[in-house]
Amino acid sequence: MLSKGPPGLAALVAGVVASWLAGGRPALRSLRPATGALVLVVLALPWLVPYTVAARPVFVHNVLVGEYAHWFFKPQGLASRIVGPLSILLYFLPWTLFLPAVAAWWRRSGPDDGRRYVLWWTVTLWILIGLSGKYRARYYLPVYPGLAILTGGFFAGATARVVRRELWFGAFSVAILSTTVLLAMGFPLSLSGEGPVYMPDTVPERVLIACLAVAGAAGAVFAIRRDRLLGLAGVVAIVLGAILTVEGLTSPARRARYYDVPTLGAVATAHTPPDGTVFGYPDLSPEYDVYVHRRIVEIGSEELTRLLAKPSKDVVITTRRRWAAQAGTAAPAWRVLESRIVGGRDIVVVGGGWEPCE
């Protein structure tokens with residue numbers, strides 16, 4: 001909670017809900033909620049008291065309303081609210097393919113308190129995180145362990161006949177996924193946002209991943225023909241691990257190209273005196289704090305208009321579209337110093353007339 005605000009309490013809420021639905025009131029009492037609440041209050045006071053005493057307006061407007069409330073009440077399209085939670089099913093591949101069998105087996109195998117607890121813990125987290133108005137794929141990381149435990153429980157507890165049927169289904173699915181990867185390497189997709197970072201863009205990388213995909217399909221068929229559960233799991237783990245290793249070695253270079261914040265930060269720092277300010281309109285991601293070695297202030301449209309009305313020693317970082325909308329009313333001294341594509345958006349550094357000494 002101290003690092004992420006109220007969403008940091010999602011794990012505690014999930015624990016309470018899962019305990020109540022799986023074990024009833026006795027399970028809730030075993031959590032010792034009064035002691036837990038006291039500990040939480042004690043940990044929060046050193047952060048909460050200075051904030052409210054020294055900067056109450058900032059705390060209420062920027063933190064409580066502007067940050068925490070926006071987590072759950074920020075206007076967000078229905079499509080985004082739906083696609084975000086459903087993306088878990090994509091990221092959980094290939095094990096997503098077994099979730100229907102897991103659900104069917106669980107209904108036939110009778111009640112189990114452990115599975116119920118894991119299920120309600122996972123579903124609660126899934127829903128709470130899905131309500132976030134500031135979706136990030138990494139927010140769902142706490143959900144995957146629950147799905148993994150439920151899937152593993154199926155293979156450990158289901159009968160051999162049921163598992164064998166799912167093995168055939170799994171091998172067939174792995175072969176289809178491998179074919180999809182192979183086609184994606186031969187006919188690269190045009191992706192938006194962070195997508196290009198994870199799409200191989202060199203011939204050697206595409207050839208290597210394509211060969212791994214072919215090996216995965218062949219290995220899955222070989223394992224299932226010999227009725228080897230561990231063999232199929234080993235093929236999936238090795239092939240996916242190898243592909244992720246390739247991605248781990250090559251994607252940082254692509255990210256540096258698609259998110260060239262260091263260059264923007266260096267230009268903004270060089271064209272701002274030590275006592276100057278770098279303004280961001282309407283906001284800047286936290287990574288700019290690393291590469292801009294000057295004071296950073298985020299401003300609104302009215303403040304931006306006043307700033308651009310006369311020459312200044314400060315600079316502004318904004319999108320090219322927003323700069324174009326303001327350029328007609330800006331003083332002649334303001335000009336574009338540098339531009340880069342950051343996450344698919346054209347970002348510009350605009351200077352107000354001050355030039356660094358040679």
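For this structure, a couple of remarks:
Each row is one residue, and each column tells you yes or no for (1) outside any strand (DSSP E or B); (2) farther than 18 Å from ASP260 by Cβ; (3) touching a helix residue (DSSP H, G or I) at 6+ places or on another chain (Cβ under 8 Å); (4) not assigned by TED's automatic domain parsing to the domain that holds GLU194.
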| position | (1), (2), (3), (4) |
| --- | --- |
| LEU284 | yes, no, no, yes |
| VAL297 | no, yes, no, yes |
| GLU302 | yes, yes, no, yes |
| THR305 | yes, yes, yes, yes |
| THR318 | no, no, yes, yes |
| PRO332 | yes, yes, no, yes |
| LEU337 | no, no, yes, yes |
| ARG340 | no, no, yes, yes |
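- Filter result for SER19 (modelled with pLDDT of 85 or more, on the phi < 0 side of the Ramachandran plot and hydroxyl-bearing (Ser, Thr, Tyr)): yes
- Every pair of residues 6+ apart whose Cβ atoms lie under 9 Å, when the first sits in the range 117-134 and is more than 13 Å from VAL16 (Cα to Cα) and outside any loop (DSSP other than H, G, I, E, B) while the second is modelled with pLDDT of 90 or more and of a type in the set (S, T, N, Q): none
- If you check VAL236, VAL203, VAL221, VAL207 for being touching a residue at least 60 places away in the same chain (Cβ under 8 Å), out of contact with any Asp or Glu (no Cβ under 7 Å at 6 or more places or on another chain) and either buried (at least 19 other Cβ atoms within 10 Å of the Cβ) or not assigned by TED's automatic domain parsing to the domain that holds PRO111 (or both), only one passes: VAL236.
- Selected residue [buried (at least 18 other Cβ atoms within 10 Å of the Cβ), out of contact with any Phe, Trp or Tyr (no Cβ under 8 Å at 6 or more places or on another chain) and farther than 20 Å from ALA101 by Cα] from GLY216, GLY248: GLY216
- With respect to the stated conditions, ALA218 is part of a helix (DSSP H, G or I), more than 19 Å from LEU191 (Cα to Cα), modelled with pLDDT of 85 or more and more than 31 Å from the chain's Cα centre (by Cα).
- Number of residues in the range 299-354 that are in contact with a His (Cβ under 7 Å, 6 or more places away or on another chain) and modelled with pLDDT under 90 equals 1.
- Taken over the range 104-149, residues that are under 20 Å from PHE92 (Cβ atoms), charged (D, E, K, R) and at pLDDT 80 or above amount to 1.
- From the options ILE243, ILE296, residue that is hydrophobic (A, V, I, L, M, F, W, C) and more than 22 Å from ARG340 (Cα to Cα): ILE243
- Of all residues in the range 270-282 being touching a residue at least 60 places away in the same chain (Cβ under 8 Å) and in a loop (DSSP other than H, G, I, E, B), the one that is surrounded by the most Cβ atoms within 10 Å (Cβ to Cβ): THR272
- Restricting attention to the range 286-295 and to residues that are not β-branched (Val, Ile, Thr) and not in a strand (DSSP E or B), the residue that is nearest to ARG322 (Cα to Cα) turns out to be TYR288.
- Qualifying residue in the range 2-10 (condition: touching a helix residue (DSSP H, G or I) at 6+ places or on another chain (Cβ under 9 Å), at pLDDT 80 or above and either in the same structural domain as LEU119 (by TED's automatic domain parsing) or assigned to a helix (DSSP H, G or I) (or both)): yes
The values are calculated or read from the model by the stated rules, or taken from the named source; none is laboratory data. Remember, predicted model here, so these are calculated numbers, not experimental data. Positions of Cβ are backbone-derived with ideal geometry, glycine not excepted, and every protein chain shown enters the neighbour counts.
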